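The values are calculated or read from the model by the stated rules, or taken from the named source; none is laboratory data. Here the structure is a predicted model, which is why all the values come from computation and not from measurement. When we count neighbours, we look across all protein chains shown, and the Cβ atoms used for this are built from the backbone with ideal geometry, even at glycine.
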Amino acid sequence: MSAFTAGNGYDGRMRQIALALATALISSLTAPARAAEPTILGVTATKSGISWRVDVTLEHPDTGWDHYADGWEILNEKGERLGYRLLHHPHVNEQPFTRSLTNLDLPDGTRTIYIRAHCSVDGWAGKKIHVDLEP
């Protein structure tokens, strides 16, 4: 028999609906919240001799060591990693913030790179930033 048998009537159905709503509310309050993914606000790529310096400005609602933007990567057009910048600590009181990756050696002929940010809890951001390089 289903929960909605004739014997339960209207009051039984209302109790079940109220219980389902209360359970959903409690679950939403106790589930870990997904914060906004790290947002890349700006990228500057500068050629220095034969290598590159890439400066990335990020914004993320860091809460501390338990949840923070912890890195960003540089990809080529095929999605292959060309470089990675580990962010060593949370930036709770420094938002937005800029960090650099220096001495980046790019393959000859590289004219486009993509930057993607990472969060310690939510993983890789869905959006990649396209950067055209000037030789």
- Message: I need every pair where a residue in the stretch 90-103 that is in the same structural domain as SER51 (by TED's automatic domain parsing) has its Cβ under 7 Å from the Cβ of a residue that is part of a loop (DSSP other than H, G, I, E, B) and not hydrophobic (A, V, I, L, M, F, W, C), sequence separation at least 6 or different chains.
- Response: PRO90/ASP62; PRO90/TYR68; HIS91/ASP62; HIS91/TYR68; VAL92/ASP62; VAL92/THR63; PHE97/HIS91
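Residue by residue, here is whether (1) over 16 Å from ILE129 (Cα atoms); (2) among the acidic types (Asp, Glu); (3) at pLDDT 90 or above; (4) outside any loop (DSSP other than H, G, I, E, B) holds:
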{"position": "ARG13", "(1), (2), (3), (4)": "yes, no, no, yes"}
{"position": "THR44", "(1), (2), (3), (4)": "no, no, yes, yes"}
{"position": "VAL56", "(1), (2), (3), (4)": "no, no, yes, yes"}
{"position": "LEU82", "(1), (2), (3), (4)": "no, no, yes, yes"}
{"position": "ASN103", "(1), (2), (3), (4)": "yes, no, yes, yes"}
{"position": "THR110", "(1), (2), (3), (4)": "no, no, yes, no"}
{"position": "ILE115", "(1), (2), (3), (4)": "no, no, yes, yes"}
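Okay, residues lined up against (1) in contact with a Cys (Cβ under 7 Å, 6 or more places away or on another chain); (2) at pLDDT below 65; (3) loosely packed, with under 12 Cβ neighbours inside 10 Å:
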position: GLY7; (1), (2), (3): no, yes, yes
position: TYR10; (1), (2), (3): no, yes, yes
position: ILE17; (1), (2), (3): no, yes, yes
position: THR23; (1), (2), (3): no, yes, yes
position: LEU29; (1), (2), (3): no, yes, yes
position: SER48; (1), (2), (3): no, no, yes
position: ARG85; (1), (2), (3): no, no, no
position: HIS88; (1), (2), (3): no, no, yes
